[in-house]
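Shown next, in structure tokens, is the structure this report addresses.
The values are calculated or read from the model by the stated rules, or taken from the named source; none is laboratory data. In this text the structure is predicted, and so the values were computed from the model without any measurement. Neighbour counts run over all protein chains shown; Cβ positions are idealised from the backbone, glycine included. Accessible surface areas use protein heavy atoms only, side chains included; no ligands, DNA or RNA. Shrake-Rupley method; radii C 1.70, N 1.55, O 1.52, S 1.80 Å.
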Amino acid sequence: MVEETIYFGRFISAPQPDELLIRTGAVLVNRNDGKGVIKKADWTVTSSSDAASKFGVEAPVVVAKDSGFFFPGFIDTHIHAPQHPNVGIFGKSTLLDWLTTYTFPLESSLGNVNSPMYKDAVSPPDPLARAKAVYNRVISRTLANGTTTASYYATIHVDATNLLADITFARGQRAYIGRVCMDRPEMCPDYYRDESTEQTIANTKASIAHCKSLDASGELVAHIVTPRFAPSCLPQTLTQLGELAKEEGLRIQTHISENLNEVKLVKELFPDQSSYADVYDHHGLLTPKTILAHAVHLSKEEMRLVKAKKSKISHCPNSNSALGSGLCPVRELLDEGIEVGLGTDVSGGYSASILDAVRNACIVSRHVGFLHDGDSRYNVGVAEGLWLATMGGAKVVGMEGRLGGFEEGMLWDVQEIALGEVESDGQGEDLEVDIFGWESWENRVAKWVWNGDDRNVRRVWVGGRLVHETR
Ligand code: GUN
Ligand code: ZN
């Protein structure tokens with residue numbers, strides 16, 4: 001059976017930092033190989049009935065409402081799935097006390113009955129049941145917000161990490177799954193730590209095997225080697241994780257230079273390395289497949305090292321503001337030629353929405369510009385924010401040319417956006433973004449970016465499979 005679908009309507013994407021590409025027409029998606037690849041695109045098609053004859057196939061036609069559009073699915077290059085219950089809960093903390101006060105207790109509760117989260121439990125805790133609820137919910141939340149690919153951190157627990165892989169796979173979200181590695185005794189609580197380097201490596205291998213058993217191709221779900229951050233791992237663990245990633249051909253994700261106290265801590269713990277980036281390089285962790293989250297306080301020399309190693313950066317502006325970590329100079333990273341995508345960093349970040357990350361990238365860039373004598377060169381605009389969220393993210397997760405647009409050969413990882421049409425009497429659908437009808441399409445996209453949320457996401461597909469639909 002030939003499994004093909006035609007999509008007809010308006011297609012908007014951001015192929016370049018300064019370009020919104022707005023086209024109408026149709027694309028033909030083939031799911032025969034299970035992948036959901038765009039086989040043909042025709043920007044001359046003007047009606048849904050015209051589409052099938054233009055492509056010379058008989059296939060169902062999915063139509064985007066005239067007031068809406070198809071947009072490439074968002075790529076969240078940095079999100080902590082187990083932290084979802086804590087979104088918005090951070091008080092006045094900053095990174096290091098936030099980790100010990102809020103984050104480690106919650107993460108440990110997904111695998112450890114002795115977690116401080118269970119100290120007042122009235123019945124015996126079932127950590128895996130908790131993990132199931134949390135992971136199903138975070139996937140619902142990210143899909144509802146148009147995230148088609150996510151690079152997840154899980155916890156140190158193999159069972160719960162494998163469960164996250166199972167759920168993303170079953171629900172059809174494209175995902176990298178990282179079992180979190182942390183075994184440096186003085187930096188990790190006793191209730192939440194790998195026992196040794198050997199255990200870190202063995203447990204990581206178990207999770208790698210599980211991801212491979214789900215998806216040998218690694219196209220939909222793949223393990224990503226995840227040393228939490230330099231301070232949380234023994235030096236030999238960092239080295240062995242680098243070797244393991246190399247042997248297995250896997251991606252690596254970690255945090256870098258997020259907070260000034262953290263940078264100071266890294267200097268104290270690794271006195272022989274010249275910088276935070278050098279710590280990762282020294283242990284073989286700066287590779288073209290490495291995603292470094294935050295990079296708020298990198299020196300120019302570190303930026304050049306990251307660029308030379310072709311490592312990628314996940315910019316998490318919402319989190320950097322919420323935890324008071326600082327203002328990441330994205331323009332400087334891009335000017336160095338570093339590939340950058342966006343991350344929500346739930347729950348350092350308070351929102352699972354990449355659209356919110358786009359907004360915050362725009363806002364933070366303006367603060368950076370303000371600190372450079374109001375130089376507007378630093379400003380990230382709407383198109384560039386959307387480019388970071390799609391094309392940028394695709395490069396960061398190694399899917400360049402496959403995700404982020406509507407060109408032939410690309411995957412149908414797409415969200416359908418609906419905007420609220422205001423009627424002549426001022427009434428209309430309550431979709432948050434009010435469109436009066438006289439706005440240009442560029443301006444409609446700007447209004448979506450600044451005011452949109454999950455109410456504007458009607459349907460979401462990954463590899464041509466419908467994975468979310470608003471009721
Ligand atoms: N650094 C080490 N662990 C974490 C984490 O869970 N979140 C953030 N934002 N930074 C970290
Ligand atoms: Zn993080």
| Under a point-charge model restricted to the Cβ atoms of Lys and Arg (+1) and Asp and Glu (-1), what is the dipole moment magnitude of segment 203-289 relative to its Cα centre, in debye to the nearest 20? | 140 debye
| message | Quick check: the angle from helix 158-171's long axis to the longest principal axis of the chain, C-alpha only, nearest 10 degrees? | response | 0 degrees
| query | Between segment 372-413 and segment 24-46, how many Å separate their Cα centres? | reply | 21 Å
| task | Give the residue from 350, 189, 129 lying farthest towards the positive end of the charge dipole for the chain; charges sit on Cβ (+1 for Lys and Arg, -1 for Asp and Glu) and the dipole is referred to the Cα centre. | result | 129
| query | Over the chain, what is the relative contact order in whole percent, taking alpha-carbon pairs under 8 Å and six or more residues apart? | reply | 19 percent
| remark: The set of residues whose placed amide H lies less than 5 Å from the amide H of residue 155, leaving out same-chain residues fewer than 5 positions away, is 161, 180
| message | Quick check: the angle from helix 354-371's long axis to the longest principal axis of the chain, C-alpha only, nearest 10 degrees? | response | 70 degrees
| Per-peptide average of other Cβ atoms within 10 Å, ordering 246-253, 427-434 highest first | 246-253, 427-434
| message | To make sure I understand the rule: partners must be lysines, Cα under 17 Å from the Cα of residue 40, and not fewer than 8 residues away in the same chain. Which ones qualify? | response | 54
| field | Protection proxy ranking, peptides 257-264, 237-244, average beta carbon neighbours within 10 Å, highest first | value | 237-244, 257-264
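When a/c reaches 1.5 or more, the comparison of a/b and b/c decides; with that in mind, is segment 289-434 rounded, prolate or oblate per its Cα gyration tensor? Could the numbers behind the result be given before it?
Details: a/c = 2.08, a/b = 1.39, b/c = 1.50.
In terms of gyration-tensor shape, oblate.
Starting from the Kirkwood radius over alpha-carbon pairs of the chain, derive D by Stokes-Einstein at 10 °C in a medium of 1.306 mPa s and give it in µm² s⁻¹. Please list the in-between numbers first.
Numbers: Rh = 22.7 Å.
Estimated via Stokes-Einstein, D reaches 70 µm²/s.
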| Among 325-332, 372-379, what's the highest-first ranking by average C-beta atoms within 10 angstrom per residue? | 325-332, 372-379
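Using the heavy atoms of the protein chains and a 1.4 angstrom probe, tell me the accessible area per residue for segment 56-98 in square angstrom. Don't skip to the end; give the middle numbers.
On the way: 1560 Å² over 43 residues.
Averaged over the residues of segment 56-98, the accessible area is 36 Å².
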| task | As a check on your grasp of the helix formula, calculate [θ] at 222 nm for the chain: sum -39500 (n - 2.57) over DSSP H runs of n ≥ 4, divide by the residue count, round to the nearest 500. | result | -10000 deg cm²/dmol
| field | R0 of 45 Å, Cβ-Cβ distance residue 89-residue 440: FRET efficiency to nearest 0.05 | value | 0.65
| Placing +1 at every Lys and Arg Cβ and -1 at every Asp and Glu Cβ, with all other atoms neutral, what dipole size does the chain have around its Cα centre, in debye to the nearest 20? | 500 debye
| remark: Scoring only Lys, Arg, Asp and Glu (+1, +1, -1, -1) among other residues with Cβ under 13 Å from the Cβ of residue 447 yields -4
| message | At 1.4 Å probe size, with the rest of the protein present, what percent of the exposed accessible area of the chain is carbon and sulfur atoms? | response | 50 percent
| message | So if each residue of separation counts as 0.36 nm, and I subtract the Cα-Cα distance between residue 59 and residue 239, what length gain in nm does that give? | response | 59.6 nm
| query | Where a Cα-Cα gap under 20 Å defines reach, which aspartates and glutamates qualify for residue 205, not counting those fewer than 8 residues away within the same chain? | reply | 159, 166, 183, 194, 195, 215, 219, 243, 247, 248
| field | Accessible surface, per residue, of segment 276-318 when the full set of protein chains is kept, probe 1.4 Å, Å² | value | 33 Å²
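If you put +1 on each Lys and Arg Cβ and -1 on each Asp and Glu Cβ, how big is the dipole of segment 182-222 around its Cα centre, in Debye rounded to 20?
Values: 4 positive and 8 negative charges, 27 e Å.
Approximately 140 debye in magnitude.
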| Expressed in nm to one decimal, what extension gain is obtained for the pair residue 191 and residue 217 from 0.36 nm per residue of sequence separation less their Cα-Cα distance? | 5.8 nm
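With a ≥ b ≥ c the root eigenvalues of the C-alpha gyration tensor of segment 376-471, is it rounded (a/c under 1.5), prolate (a/b larger than b/c) or oblate? Walk me through the intermediate numbers first.
Numbers: a/c = 2.59, a/b = 1.39, b/c = 1.87.
Oblate, because a/c is 1.5 or more while a/b does not exceed b/c.
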| From the residues 250, 388, 435, which one has its Cα farthest along the dipole of the chain in the positive direction, the dipole being from +1 and -1 charges on Cβ of Lys/Arg and Asp/Glu about the Cα centre? | 250
| said: Positive end of the dipole of the chain, charges at C-beta (+1 Lys, Arg; -1 Asp, Glu), about the Cα centre: which of 30, 206, 276 has its Cα farthest in that direction? | reply: 206
| message | Between helix 260-269 and the chain, what is the angle of the helix's C-alpha long axis to the longest principal axis, kept within 0 to 90° and rounded to the nearest 10? | response | 40 degrees
| remark: For segment 336-471, the per residue accessible area (1.4 Å probe, Å²) is 40 Å²
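Does segment 269-311 come out rounded, prolate or oblate, given a ≥ b ≥ c as the square roots of the eigenvalues of its C-alpha gyration tensor, rounded meaning a/c under 1.5 and, failing that, prolate meaning a/b above b/c? Please report the intermediate quantities before stating the final value.
Numbers: a/c = 1.59, a/b = 1.22, b/c = 1.30.
The shape class here is oblate.
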